[in-house]
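Worksheet: one structure, shown below.
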Amino acid sequence: MAREYGLPGWAALVIVFAVPLLESSALVGFVFPGEIAVLLGGVLAFQHRVGLPAVLATAIAGAILGDTIGYWAGRRYGRRLLSGRVGRLVRQEHRERAEHYLAQRGGKAVFLGRFTAALRVMIPGLSGMARMRYRTFLLYNVAGGAAWATGMVLLGYLAGASWQKAAHWASRIGLALLAMIVLGFALRLAARATRRRCDRLRAAGDRLAATAPVGWVRRRFPTQLGWLRRRLDPTTPDGLPLSATLAAAALFAWLFGGLTQDVTAGEGVASVDPRVHAFAVAHRTGWLTTVMRNVTWLGSGWVLIPILAAATLLLLRRRDRRGVGWVWAAYLGAVALYALAKPLVHRPRPPVADLIGAASGLSYPSGHATQAIATWGMLALVAAASRSPWARAGLVAAAGVVVLLVGASRIYLGAHWLTDVLAGYALGATWLALLAALRRRGDAAARDDVSRAPVRRRAVTGPHRPPTG
């Protein structure tokens, strides 16, 4: 491609570096999204016009440096812009609320904003204007920039000549992520408003219930409306949180069904499997092979069963017998699910010549991925009980890293196709979400039993006198 356009390799690297650099620092992203240049860099690496490590390094450096410049520009000149004509377009109340949100929870916004074109341009400057600590901004900027640039370069590399389609899908994914961020923020605000104004909402609901049409519906369907109200109540553990967990289980099950359809038909995501496999085989190195051969055992029953045995002893010392049941149910259920699913698809593994280590049996879905996400996820949930929010987040993040590494090792070692691992994740996550919903419901029922239990008090009949005989 570089020869077709008369573009030397060094010039392509300059573009891959400069466009992400200027995207947020000079607001170029509003006109030319940075992912286009980074995707093209991956295409050039696929065609051996430039080296893949060089494209990755320049794209990551440009993304991180560009957001850093945008941050300091917002910190130095943002207030001046907002005090001029540009600031008249933004209400002061909304601006203060956005600055407060970025100051309190801006790290997540910096990381997630990197993956959507609009937020990628605005978030660095807004972070500087909100006086976010630079250390916090730098941490999330480096993590987001590295993840985004690596993903875009590899997407262009795997897409090859079909880079236009990859760019189209990258934009759609970015828009979907933006919609999820906005929806999550709106739901969070709605939940907070519900907790703060619970009495007002109940009063408004009572007034609405007093109207004739709603009164007829309540009289006609009292049981159904009562059930729906309890399921959508955000103030109770078995209300909206339980409903959201069950909805997540349904979503993961739907994803597993879609992946299964793609694999059986040999289309959709399954069409990318050979290219991902070839990429993994072509980029094997000695040290990485050693790491992956050890990491993959974290998803094997030979390691998970001893870990579960140790967890059982710890939980029994804490007198948490229910926790013991949940972690073993997660593992055994995951094993049963993928054992039942494998014969239904009957998919062979990748070529044996590309396999590192040993792997036998059918390929779809990945057993390592299924039992890793179910077992490590449930271990994190049980260990996070009664801990601080930061501790819970750290345990869940650590479990997520282990699960991702296990899945990557199965692809790298040639034991599974990409869709095998994704389907294993979806199947294991479905089982984990169902168990989490049952666990939440059981905990809520136990709390209700404790609250309804009568309080026994010692009868006082008068001053205590020692017995006489």
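Annotations
- Label-point separation, ALA244 to ALA11 (7 Å along Cα→Cβ), nm: 5.1
- Ranked by the mean number of other Cβ atoms within 10 Å of their residues, highest first, the peptides 341-350, 139-148 come out as 139-148, 341-350.
- Its Cα centre serving as origin, the stretch 239-323 has a Cβ charge dipole (Lys and Arg +1, Asp and Glu -1) of approximately 640 debye.
- Spatial separation of Cα centroids for the stretch 376-445 and the stretch 260-323, in angstrom: 11
- With each label modelled as a point 7 angstrom along the Cα→C-beta vector, the VAL291-SER360 pair spans 3.1 nm.
- Sorting ARG410, ARG321, ARG440, ARG284 by accessible area puts them as ARG321, ARG440, ARG284, ARG410; the probe is 1.4 Å, largest comes first, and only protein heavy atoms count.
- Each residue, LEU251 and LEU332, gets one label point 7 Å from its Cα in the Cβ direction; the gap between the two is 3.0 nm.
- Using a probe radius of 1.4 angstrom, the carbon and sulfur fraction of the accessible surface of the stretch 289-413 is 70%.
The values are calculated or read from the model by the stated rules, or taken from the named source; none is laboratory data. Bear in mind the structure is a predicted one, so any value in this text is a computation, not a measurement. Neighbour counts run over all protein chains shown; Cβ positions are idealised from the backbone, glycine included. Accessible surface areas use protein heavy atoms only, side chains included; no ligands, DNA or RNA. Shrake-Rupley method; radii C 1.70, N 1.55, O 1.52, S 1.80 Å.
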